[in-house]
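To keep things clear, I will list the structure first and then write my remarks on it.
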Amino acid sequence: MAATQDLRRLKSLLPYLRPDRRRVALALLLLVPVAASSAIQPLLVGQTIAVLRREPSWSWLQGLPLSQAVGQLVALLLMAVVLRLLLQGSQSLMVQTIGQRLTHRLRIDLFGHALALPLAVHDRTPVGKLLTRLTSDVEALTELVGTGAIGVLADVVTLVVIATLMLSTELRLGLMLLALQLPMGWLVIRLQQRYRRANYRVREELSQLNADLQENLQGLEVVQMFGRQAHNSAAFARTSERYRRAIDGTVFYDSAISALLEWVALVAIALVLALGGSLVTGGVIGLGTLTTFILYSQRLFDPLRQMAERFTQLQGGLTAIERIGELRELDTEADPAAGRPLPPARHGGGGAVTFDDVCFGYRPDEPILRHLQLEIAPGEHVALVGPTGSGKSTIIRLLCRLYEPQSGRILLDGVDIRELPLADLRRRLGVVLQDTFLFSGTVADNLRLGDDLSDATLSRLCHDLGLDGLLQHLPRGLDTPLRERGGNLSSGERQLLAVARVAVRDPAVLVMDEATAFLDPSTEAALQRDLERMLSGRTAIVIAHRLATVEAADRIVVLRRGAVVEQGRHDELRRQGGLYAQLASLQERGLASL
């Protein structure tokens with residue numbers, strides 16, 4: 001069963017090799033001449049000794065003077081050595097190039113696949129483990145293709161060529177050496193199977209090691225503020241110790257294989273000397289033939305030794321294929337509506353949003369939204385409030401189709417969002433999150449995010465959005481380079497850019513998930529003025545914890561445990577004395593947020 005899965009996963013790599021099929025074919029064609037140029041060298045050495053003893057077995061040497069015969073054999077030996085070096089070097093270059101090109105294509109494909117995976121997959125997969133699959137596992141494939149697979153084939157061809165030459169030279173010695181190969185091959189395969197399991201554990205522990213590294217480096221500020229350096233270092237040391245022990249397992253099997261092969265190679269030489277010596281003494285074979293078989297007894301186990309080493313790479317590569325295959329077999333974000341013509345909007349495309357009996361939970365046994373009914377008219381500004389865990393942010397994620405509801409429908413302008421292509425849906429929505437993420441690059445790059453906007457158009461849009469003050473404070477304006485996650489900007493500046501990059505796309509529905517949480521009062525007031533201009537004529541869904549943000553909303557929707565319990569304007573809800581009035585009263589006293 002495992003072999004069948006390995007074969008299936010190996011076949012899945014064929015499309016990545018197709019652009020290099022000519023290089024692959026040429027590398028395979030070189031296997032025979034490389035093996036032949038190597039296998040013929042012991043014959044030439046043995047024949048040289050036979051000539052020196054005046055007993056050559058090759059007919060074309062028998063009539064030649066000694067010096068001429070030896071000179072020709074030495075010339076042939078040098079030619080065989082040079083030919084092997086040239087062919088092997090060319091083949092190695094080709095194979096390494098093929099491996100690098102394959103992993104380049106695979107890495108790009110895997111990166112795109114990882115970006116297209118649903119958020120639910122990323123929620124349960126640590127970033128470090130995903131990085132291990134995209135880096136070290138892909139690098140293991142380079143070794144598999146570059147030296148493993150082709151190398152094993154080369155060793156098999158070399159064994160076949162050597163076996164053929166041995167049997168044709170002296171049948172008894174040839175059969176004896178080949179008989180030693182059978183139990184050795186079986187033992188190597190058994191040990192390699194155990195190495196494969198140990199190597200899988202190594203990859204898993206390496207993934208956890210990378211996950212711990214990534215988590216601690218990302219949370220370094222918290223680690224230092226809470227004095228967790230010693231505690232986290234101790235936890236990392238335990239993870240590193242598990243990784244070391246896993247590697248020890250692979251080292252044991254690798255060393256056992258090498259030691260076993262060395263021991264058997266010595267036994268083979270001893271047997272050749274014993275049996276071959278008796279044949280030489282009895283006059284059955286010459287000293288040159290015995291010398292040939294002594295060299296063959298050494299060379300015969302070289303391919304097996306190299307195969308064992310390459311099997312180590314092969315098993316590591318197969319483990320990498322298995323882990324990469326697990327990633328590739330994950331379903332990407334479903335978009336069944338891609339390529340279809342857009343359904344006609346029944347509300348004139350003004351941004352009407354409807355949640356029709358929507359139920360959802362990140363885990364089936366823990367529902368977040370319970371039969372949610374909510375309608376938002378085109379151009380209406382709605383604020384969502386409620387206690388933590390009431391489902392406010394979940395509503396946004398479902399609207400953007402980052403997750404799919406277990407039941408019910410979500411409509412945009414009267415059309416089920418599952419019938420809209422994802423690209424079109426997310427173009428109609430503009431989302432500003434509380435946790436702003438900016439990419440490395442310039443300010444302009446983060447505002448464009450790949451869209452084709454000229455510098456003049458972008459400058460005009462920034463002026464219309466009131467970003468002139470921010471851009472004047474930056475050393476190079478729109479061309480100012482940003483560090484990772486916008487580390488050279490303040491929280492307020494990052495939030496202003498997050499709002500601006502949404503505004504330049506002119507969405508029909510604007511969603512703000514606590515977008516002003518990190519802004520100081522003066523910056524928030526300036527942003528609110530810009531937001532009022534940007535929100536004009538658009539549907540807006542705002543999640544906020546401050547009264548000033550929700551008071552101006554056309555309607556406030558109060559959520560509790562995933563259901564709407566109250567809705568209306570600020571004054572109406574205060575007079576009702578319900579949940580919203582309690583939350584507002586607590587906030588006024590500084591005891592809670594909405």
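The values are calculated or read from the model by the stated rules, or taken from the named source; none is laboratory data. Since the structure is predicted, the reported quantities are computational estimates derived from the model, not experimental observations. Methodologically, a virtual Cβ is constructed for each residue, glycine included, from the backbone with ideal geometry; neighbour enumeration extends over all protein chains shown. The accessibility values were calculated without ligands, DNA or RNA, using every heavy atom of the protein model including side chains. Shrake-Rupley method; radii C 1.70, N 1.55, O 1.52, S 1.80 Å.
A few notes on this one:
- When each of GLN88, GLN96, GLN68, GLN100 is tested for being modelled with pLDDT of 80 or more and over 30 Å from VAL160 (Cβ atoms), the lone residue that passes is GLN68.
- Cross-chain or 6+ apart pairs with Cβ under 7 Å, region 564-580 first and on the phi > 0 side of the Ramachandran plot, then at pLDDT 85 or above and open to solvent by 30 Å² or more (accessible area, probe 1.4 Å): GLY568/ARG555
- Filter result for ILE395 (at pLDDT 90 or above, β-branched (Val, Ile, Thr), within 35 Å of the chain's Cα centre (by Cα) and within 25 Å of THR125 (Cβ to Cβ)): yes
- Residues being open to solvent by less than 90 Å² (accessible area, probe 1.4 Å) and touching a Phe, Trp or Tyr at 6+ places or on another chain (Cβ under 6 Å) - total across region 188-197: 3
- Only one entry of ALA345, ALA334 meets the criterion of being out of contact with any Asp or Glu (no Cβ under 7 Å at 6 or more places or on another chain) and either modelled with pLDDT under 70 or under 28 Å from GLY562 (Cα atoms) (or both), and that entry is ALA334.
- Checking each residue in region 243-269 for being crowded, with 17+ Cβ neighbours inside 10 Å and within 30 Å of the chain's Cα centre (by Cα) picks out TYR243, ALA246, THR250, TYR253, ASP254.
- Any hit, region 318-329, residues being in contact with a strand residue (DSSP E or B) (Cβ under 6 Å, 6 or more places away or on another chain) and either at pLDDT below 75 or buried (at least 23 other Cβ atoms within 10 Å of the Cβ) (or both): no
- Residue match in region 531-546 (condition: at positive phi, at pLDDT 70 or above and either out of contact with any Lys or Arg (no Cβ under 9 Å at 6 or more places or on another chain) or not in a helix (DSSP H, G or I) (or both)): yes
- At least 1 residues being open to solvent by less than 20 Å² (accessible area, probe 1.4 Å) and not hydrophobic (A, V, I, L, M, F, W, C) is the threshold, and among the strands (runs of 3 or more DSSP E) wholly inside region 345-456 those reaching it are 429-432.
- Any hit, region 67-89, residues being under 51 Å from the mean Cα position of the chain (by Cα) and under 30 Å from ARG328 (Cβ atoms): no
- For beta carbons closer than 7 Å, sequence separation of 6+ or different chains, a first residue in region 109-137 that is under 16 Å from SER207 (Cα atoms) and in contact (Cβ under 8 Å) with a residue 12 or more places away in the chain and a second that is among the β-branched types (Val, Ile, Thr) and part of a helix (DSSP H, G or I), the qualifying pairs are ARG133/ILE324; ASP137/ILE324.
- Any helices (runs of 4 or more DSSP H) falling wholly within region 1-120 and containing at least 2 residues that are open to solvent by less than 30 Å² (accessible area, probe 1.4 Å): 2-11, 31-52, 66-116
- Members of region 234-292 found to be within 23 Å of THR132 (Cα to Cα) and of a type in the set (A, V, I, L, M), listed by number: ALA234, ALA235, ALA237, ALA246, ILE247, VAL251
- Region 563-580, subset of a type in the set (A, V, I, L, M) and within 24 Å of GLY379 (Cα to Cα), residue most open to solvent (accessible area, probe 1.4 Å): VAL565
- Restricting region 132-181 to residues that are over 32 Å from the mean Cα position of the chain (by Cα) and under 23 Å from GLY317 (Cβ atoms), the residue that is surrounded by the fewest Cβ atoms within 10 Å (Cβ to Cβ): VAL156
- Annotation: GLY185 fulfils all but one of (1) open to solvent by 40 Å² or more (accessible area, probe 1.4 Å); (2) of a type in the set (Gly, Ala, Ser); (3) within 29 Å of TYR296 (Cα to Cα); the unmet one is (1).
- Among the residues making up region 265-298, a single one is within 11 Å of MET176 (Cβ to Cβ) and without any contact (Cβ under 8 Å) to a residue 40 or more places away in the chain: ALA274.
- Residue count, region 457-483 (criterion: more than 20 Å from ARG505 (Cα to Cα), over 37 Å from the mean Cα position of the chain (by Cα) and not in a helix (DSSP H, G or I)): 0
- Of all the criteria given as (1) farther than 23 Å from ARG485 by Cβ; (2) open to solvent by less than 60 Å² (accessible area, probe 1.4 Å); (3) without any contact (Cβ under 8 Å) to a residue 12 or more places away in the chain, the one not satisfied by GLN208 is (3).
- Each residue in region 6-33 was checked for being farther than 12 Å from ARG105 by Cα and at pLDDT 85 or above, and 13 of them qualify.
- Residue list for region 551-562, filter: open to solvent by 30 Å² or more (accessible area, probe 1.4 Å) and modelled with pLDDT under 90: GLU551, ALA552, ASP554, ARG560, ARG561
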